[in-house]
Amino acid sequence: MTIAKQTAGAVAPAVVLSDVALWVGVRETRVDLIQHIDWTVDRGEHWAVLGPNGAGKSSLLSLCVAMRHPSEGTVRVLGAQLGRTDMRELRTRIGVVDATIAARLWGILTLDDVALTGTNGAVLPRPRPYTDDERERAAFELDRVGLKALRHRRFGDCSQGERQRALLARALVGRPELLVLDEAAAGLDLPAREAMLAALVSAAEAVPERATITVTHHVEELPPITTHALLLRAGAVVAAGPVDEVLRNEPMSETFGLPVEVTSRNGRWMAQAAPGWSVR
């Protein structure tokens with residue numbers, strides 16, 4: 001499925017995938033993860049990526065955050081083509097919130113320390129002192145996500161919701177051009193989820209040109225700023241485009257393999273199995 005777009009001015013889109021395939025293994029052991037996808041994320045757009053387990057969401061993200069190369073096709077992130085650019089430098093322009101980062105951060109770090117590691121994308125405080133500007137940025141982003149009063153609390157002593165918001169602050173401190181969130185609201189209770197989504201809205205309003213990609217299993221975890229959606233199943237695109245056109249009963253049912261009813265209210269979404277559906 002191809003989504004063709006024209007980008008105004010000289011600014012490159014945030015992400016462009018052209019006939020991209022990704023697999024692991026060879027010959028009889030080959031497993032296809034992504035199957036010839038064409039996809040463009042323009043600056044200022046906020047995409048949701050949804051699909052069942054094994055759909056290829058994490059594999060797709062690994063390309064978008066410049067962590068791996070495609071097996072076939074071309075990937076351009078923030079104007080740089082993977083394979084022809086310094087991946088480490090490119091990753092400094094991308095903010096990422098996912099569980100792997102939380103697992104690598106030391107629990108004894110304060111939330112201030114965690115946010116400051118976002119200045120260079122590390123998971124440990126750097127040896128040389130942080131500047132006053134960097135400390136002000138860290139404090140500002142912690143305040144944005146509602147953690148100002150907890151700045152000196154240890155990361156390991158925080159609730160899951162507090163840790164997730166601290167990771168968001170960390171990602172924003174680096175002033176990313178692209179923000180990628182992988183199951184950022186998974187496992188959060190209602191207040192923590194709503195606090196996370198409110199922080200995402202605030203961050204998007206502060207930098208309108210920044211693009212975001214949010215991967216989730218649940219439409220209820222999507223922020224109201226979501227503009228577009230991509231549905232994946234078995235590594236292939238089921239539907240992609242404006243969120244109001246994609247998050248509908250038929251494409252969602254095809255994506256998840258059961259009859260799904262989708263509703264929306266005030267920019268938020270809910271999905272559930274259609275009445276009468278049974279696992280039998």
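Mind listing just one residue for me: the one in the stretch 70-128 that is among the small types (G, A, S) and assigned to a strand (DSSP E or B) and, of those, farthest from the chain's Cα centre (by Cα)? In this case the residue turns out to be G73.
Against the numbered list (1) at pLDDT 95 or above; (2) surrounded by 18 or more Cβ atoms within 10 Å (Cβ to Cβ), V97 comes up short only at (1). Scan the stretch 34-53 and give yes if some residue there is part of a strand (DSSP E or B), within 30 Å of N120 (Cβ to Cβ) and without any contact (Cβ under 8 Å) to a residue 24 or more places away in the chain, otherwise no. There is no residue in the stretch 34-53 that is part of a strand (DSSP E or B), within 30 Å of N120 (Cβ to Cβ) and without any contact (Cβ under 8 Å) to a residue 24 or more places away in the chain. Look at (1) under 16 Å from the mean Cα position of the chain (by Cα); (2) crowded, with 21+ Cβ neighbours inside 10 Å; (3) in a helix (DSSP H, G or I) and you find that V215 fails only one, number (3). Here E261, E220 are screened, and the one residue that is over 16 Å from the mean Cα position of the chain (by Cα), among the acidic types (D, E) and on the phi < 0 side of the Ramachandran plot is E261. Take the stretch 223-264 and flag every residue that is assigned to a loop (DSSP other than H, G, I, E, B) and either among the polar types (S, T, N, Q) or surrounded by fewer than 20 Cβ atoms within 10 Å (Cβ to Cβ) (or both). The answer is P224, I225, T226, T227, A234, R248, G257, L258, P259. Evaluation of W269 against the conditions (1) crowded, with 19+ Cβ neighbours inside 10 Å; (2) without any contact (Cβ under 8 Å) to a residue 24 or more places away in the chain; (3) not in a helix (DSSP H, G or I) shows that the sole unmet condition is (2).
I need the full set of residues from the stretch 142-158 which are of a type outside the set (K, R), surrounded by 13 or more Cβ atoms within 10 Å (Cβ to Cβ) and outside any helix (DSSP H, G or I), in order please. Residues satisfying the conditions are V145, G146, L147, C158. Within the stretch 100-131, the residues that satisfy the criterion of being among the polar types (S, T, N, Q) and exposed (fewer than 15 other Cβ atoms within 10 Å of the Cβ) are T100, N120, T131. Looking across A139, A171, one residue alone is in a helix (DSSP H, G or I), farther than 23 Å from A14 by Cβ and touching a residue at least 12 places away in the same chain (Cβ under 8 Å). It is A139. Taking the stretch 189-212 as the range and being surrounded by 21 or more Cβ atoms within 10 Å (Cβ to Cβ), over 22 Å from P13 (Cβ atoms) and of a type in the set (S, T, Y) as the test, no residue passes.
The values are calculated or read from the model by the stated rules, or taken from the named source; none is laboratory data. All figures in this text were calculated on a predicted structure; none of them were measured in a lab. When we count neighbours, we look across all protein chains shown, and the Cβ atoms used for this are built from the backbone with ideal geometry, even at glycine.
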